[in-house]
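Following: one structure in structure tokens, then a few remarks.
Every number here is computed from the coordinates shown, using simple stated rules; none is lab data. Model, not experiment: these values are computed from the prediction. Note: ideal-geometry Cβ built from the backbone for every residue, glycine included; neighbour counts use all protein chains shown.
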Amino acid sequence: MKLRSLLFVPGDRPERFPKAVATGADALILDLEDAVAPDRKPEARAAVRAWIEAPREDGPAVFVRINPIDSDEAAADLEAIAGLSLDGIVLPKAEGASSVATLTDRLPGDYAILPVASETAAAVFQLGTFGSVAGRLAGLTWGAEDLPAAIGATSAREEDGSYTDPYRVVRALTLFGAHAAGVPAIETVFPDFRNLDGLAAYAARGRRDGFTGMLAIHPTQVAVINDAFTPSEADLAHARAVVAAFEANPGAGALQLDGKMIDAPHLKSARRLLALVA
């Protein structure tokens, strides 16, 4: 499943579902949690179920974000999506592998699960546990909005929009937790949806650091995110050249390519990039 861009769509706004399909997002996340007011959640569940059940042409992967698994709303969410042909479930406020196991116990089926894995203080200490449920995961992502609220912080960001030190740590732990589990690392949202230049820079940093995709909150963000997480022809050409150099010199530990030294980590990175594209 290709997951460069994952676009949130409020579950109680079914008129937006077809428009979201047309954005080119790799996945839609039909939201039953934060984007829906409590008194509209029954309406949202009905709208999401009706749209997923209706015939439609091939398009993006379809996920549903349920309410936290320990909340009163979760049971109604799971009843509403039971048996649907959807690609996955976004699990908010996940606290490690045990939250994933609880969800799989309560909802039969082989749905892929994308935990939002950093929204409580306890969750931060469980970011290394997802390897035991990796076979059920679509990836791992994080959030920088709920965690500050959970611990009484005033913000996760400096005045220039960069993260403060505690949230840099959480971002890094999520990134390494995903890679330790062998699943895609999905960067969190960029809230300033009108600032596309800022988004492009943010997404580029995410790809540089090892994220393979990103959450989107507005249709205009999708193309920018897709571009950031799509390797350029120059990137691919370099990766092929690295692989070819080592294939031509199978006993070499290090080689020169374009005037620079390359060794085993460069080969591993090149193979990973080519595999991702394939």
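One decimal place: the segment LYS268-ALA76 gains 64.6 nm when fully extended, by the rule 0.36 nm per residue minus the C-alpha distance.
With contacts taken as Cα pairs under 8 Å and at least 6 residues apart, the chain reaches a relative contact order of 15 percent. Of all the options ASP146, ASP160, ASP77, the one that moves most in a Gaussian network model of the chain with Cα springs shorter than 10 angstrom is ASP160. Springs between alpha-carbon pairs under 10 angstrom, Gaussian network model over the chain: which of ASP258, ASP209, ASP12 fluctuates most? Greatest mean-square fluctuation among the candidates belongs to ASP258. Max-minus-min Cα coordinates of the range 233-277 on each principal axis give 27, 19, 16 Å, with the largest extent listed first. Please label the shape of the chain as rounded, prolate or oblate, based on the square roots a ≥ b ≥ c of the eigenvalues of the alpha-carbon gyration tensor (a/c under 1.5 means rounded; beyond that, a/b larger than b/c means prolate, else oblate). Prolate. Could you give the distance between the Cα centres of the range 166-240 and the range 62-110, to the whole Å? Cα centres, the range 166-240 to the range 62-110: 25 Å. The loop-placed trypsin sites (Lys or Arg not before Pro) in the range 52-154, going by DSSP, that have at most 14 neighbouring Cβ atoms within 10 Å of their Cβ come out as ARG56. 3J(HN,Hα) along the range 113-121: 10, 10, x, 8, 9, 9, 9, 10, 4 Hz, from the Karplus curve 6.51 cos²θ - 1.76 cosθ + 1.60 with θ = phi - 60°, whole Hz, x for Gly and Pro.
Per-residue ellipticity at 222 nm from helix content only, as computed over the chain with -39500 (n - 2.57) for each DSSP H run of at least four residues, stands at -12500 deg cm²/dmol.
Result for the chain in a Gaussian network model with C-alpha springs under 10 Å: among ARG40, ARG168, ARG240, the largest mean-square fluctuation is at ARG240.
For the range 253-267, the Karplus equation 6.51 cos²θ - 1.76 cosθ + 1.60, evaluated at θ = phi - 60°, returns couplings of x, 8, 9, 9, 9, 6, x, 10, 7, 10, 9, 4, x, 5, 5 Hz by residue, with Gly and Pro reported as x.
Would you mind classifying the range 175-241 by shape? Square roots of the alpha carbon gyration tensor eigenvalues, ordered a ≥ b ≥ c; an a/c under 1.5 is rounded, otherwise it is prolate if a/b is larger than b/c and oblate if not. Oblate, since a/c reaches 1.5 and b/c is not below a/b.
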